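Report on the following structure.
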Amino acid sequence: MKKAPLASYLFILVILCTLFTAGAKMLDQQGMYLAQAYMFTPAAAAFLTRVFFYEPKFRDADLRFRKAREYLAFWLASLGITAFSCILFAVQEQ
C-alpha cells in the first residue's frame, strides 16, 4: 500500500472534525444541530479513504445481503442493549 490508507483516514478525519467544530462555533447556539451530522464523520472519512487511498477499494469489504434471520438477530440485540441502557439509567436516577 503505497498511499498509506491509515494516515489518510486519520488526516481526513481531523479535517472533517475541524470543519464541523468550526461550523458549530460560528453558528453559536444553532451549532448544536451539526452534532447529528458530526457523528457520521468517522464513517465519511472511512468511505473517502476507501474510495481514494485504499487500493482494493470495496472489493474486500464483503458487502452483500445476508439472511433475514441474521438481520433479525442483530436488530433484537441492539434493541436489548438499548433497553438495558434505559433501565440502568432509570435505576440510577432513583
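The values are calculated or read from the model by the stated rules, or taken from the named source; none is laboratory data. Small disclaimer: the values here were computed from a predicted structure and weren't measured. Because the Cβ atoms are built from the backbone with ideal geometry, glycine has one as well, and the counts that use them run over all protein chains shown.
Please pick out the residue among T21, T82 that is more than 18 Å from S8 (Cβ to Cβ) and in the same structural domain as Y9 (by TED's automatic domain parsing). Talk me through it step by step, then tell me what you get.
On the way: T82 fails: in the same structural domain as Y9 (by TED's automatic domain parsing).
One residue alone meets the criteria, T21.
Take P42 and tell me if it is without any contact (Cβ under 8 Å) to a residue 40 or more places away in the chain, within 23 Å of A4 (Cα to Cα), surrounded by 10 or more Cβ atoms within 10 Å (Cβ to Cβ) and more than 19 Å from the chain's Cα centre (by Cα). Break it down into steps so the answer makes sense when it comes.
Values: without any contact (Cβ under 8 Å) to a residue 40 or more places away in the chain: yes; within 23 Å of A4 (Cα to Cα): yes; surrounded by 10 or more Cβ atoms within 10 Å (Cβ to Cβ): yes; more than 19 Å from the chain's Cα centre (by Cα): no.
When the stated conditions are applied, P42 does not pass them.
Conditions tested, residue by residue: (1) loosely packed, with under 11 Cβ neighbours inside 10 Å; (2) aromatic (F, W, Y); (3) part of a helix (DSSP H, G or I); (4) in contact with a Cys (Cβ under 8 Å, 6 or more places away or on another chain).
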{"site": "L10", "(1), (2), (3), (4)": "no, no, yes, no"}
{"site": "A24", "(1), (2), (3), (4)": "no, no, yes, no"}
{"site": "Q36", "(1), (2), (3), (4)": "yes, no, yes, no"}
{"site": "D62", "(1), (2), (3), (4)": "yes, no, no, no"}
{"site": "W75", "(1), (2), (3), (4)": "yes, yes, yes, no"}
{"site": "T82", "(1), (2), (3), (4)": "yes, no, yes, no"}
{"site": "Q92", "(1), (2), (3), (4)": "yes, no, yes, no"}
